[in-house]
Amino acid sequence: MWKYRELMYFFTWRDLKVRYKQTVIGVAWAIFQPLITMVVFSVFFGYLAKMPSDGIPYPIFVYVGLVLWQFFSGSLTQISNCLVGNKNIITKVYFPRIILPISATFTKFIDFLVASVILVGLMFYYGYVPYLSGLLILPLLVFITFMAALGLGLFLAALNVKYRDVGYILPFFIQLMLFLTPVIYPASLTGIWSWFLAMNPMTGVINAARGALLGNFPINWELLGISSLACAIMLVIGYYYFKKTEEYLADIV
């Protein structure tokens, strides 16, 4: 991967340029999508449905979850389609195929950084100042999210080469997963089902991010540990299946 780092940079830069080419506001779309989603969720779930938010103002509560969730879901979508979308290159030139899914994740990571600007503004508006320890744990949470998206994405990308049904099923799966992840509701709301929710790798990440940034409750290290272990297992399985498929990838894509 280090040997082909310039190619990885090229793929990342190409995806960014293609995505925002001929758009009026350009990279600001990375802010617009989570911002509007936060407003809609705040109106329907926060104001009308009176969804609890652990004593945190609902807009900032839901945005912390959204910005991490969209990094995960966006990366998962990009990775799952990266082999099929680059079949012309794959069938003509050899390079480590793992570069494509990783560069797709880097593209979404840039969107994540841009969208985080709104989070900084919301924290300033509501008067939240994160502790230094909270800021130090953020890179770990982003890395766990990266592992979750890459692990599941590698498996789906390899599967998508054989069965194009993955491209149709994935959007529905991501929508379903949004409601099985504590983005619009607190993890404490699940009660006896909390053990089931903990198997979702993003549960521990989002819960820890709220605890670290907003400081209204301590970080649940046990929940974060379960999420980290689940992500590591997913990454190993996804990488193994991806490398196994890579041997005959150019023949069937």
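The values are calculated or read from the model by the stated rules, or taken from the named source; none is laboratory data. Source: prediction; values computed, not measured. Because the Cβ atoms are built from the backbone with ideal geometry, glycine has one as well, and the counts that use them run over all protein chains shown.
Structure notes:
- Flag if Leu135 is without any contact (Cβ under 8 Å) to a residue 60 or more places away in the chain and either β-branched (Val, Ile, Thr) or over 22 Å from Ser80 (Cα atoms) (or both): no
- Residues satisfying the stated conditions in region 209-253, i.e. aliphatic (A, V, I, L, M), out of contact with any Gly (no Cβ under 6 Å at 6 or more places or on another chain) and either surrounded by fewer than 17 Cβ atoms within 10 Å (Cβ to Cβ) or under 18 Å from Leu154 (Cβ atoms) (or both): Leu229, Ala230, Ala232, Ile233, Val236, Ile237, Leu249, Ala250, Ile252, Val253
- Of all residue pairs spaced 6 or more apart or on separate chains, those with beta-carbon atoms under 8 Å, a first member in region 45-73 that is more than 18 Å from Gly127 (Cα to Cα) and a second member that is outside any helix (DSSP H, G or I) and of a type in the set (Gly, Ala, Ser) are Gly46/Ser53.
- Just one of the listed residues (Gly55, Gly46, Gly85) is farther than 21 Å from Leu176 by Cβ, of a type in the set (Gly, Ala, Ser) and exposed (fewer than 14 other Cβ atoms within 10 Å of the Cβ), and it is Gly55.
- 1 or more residues under 26 Å from Leu35 (Cβ atoms), modelled with pLDDT of 85 or more and touching a helix residue (DSSP H, G or I) at 6+ places or on another chain (Cβ under 6 Å): qualifying helices (runs of 4 or more DSSP H) within region 175-253: 201-214
- The number of residues in region 158-172 that are crowded, with 18+ Cβ neighbours inside 10 Å and within 21 Å of Asp111 (Cα to Cα) comes to 1.
- Condition check for Ser80 on (1) free of Cβ contacts under 8 Å to residues at least 40 places away in the same chain; (2) under 15 Å from Ala149 (Cβ atoms): one failure, at (1).
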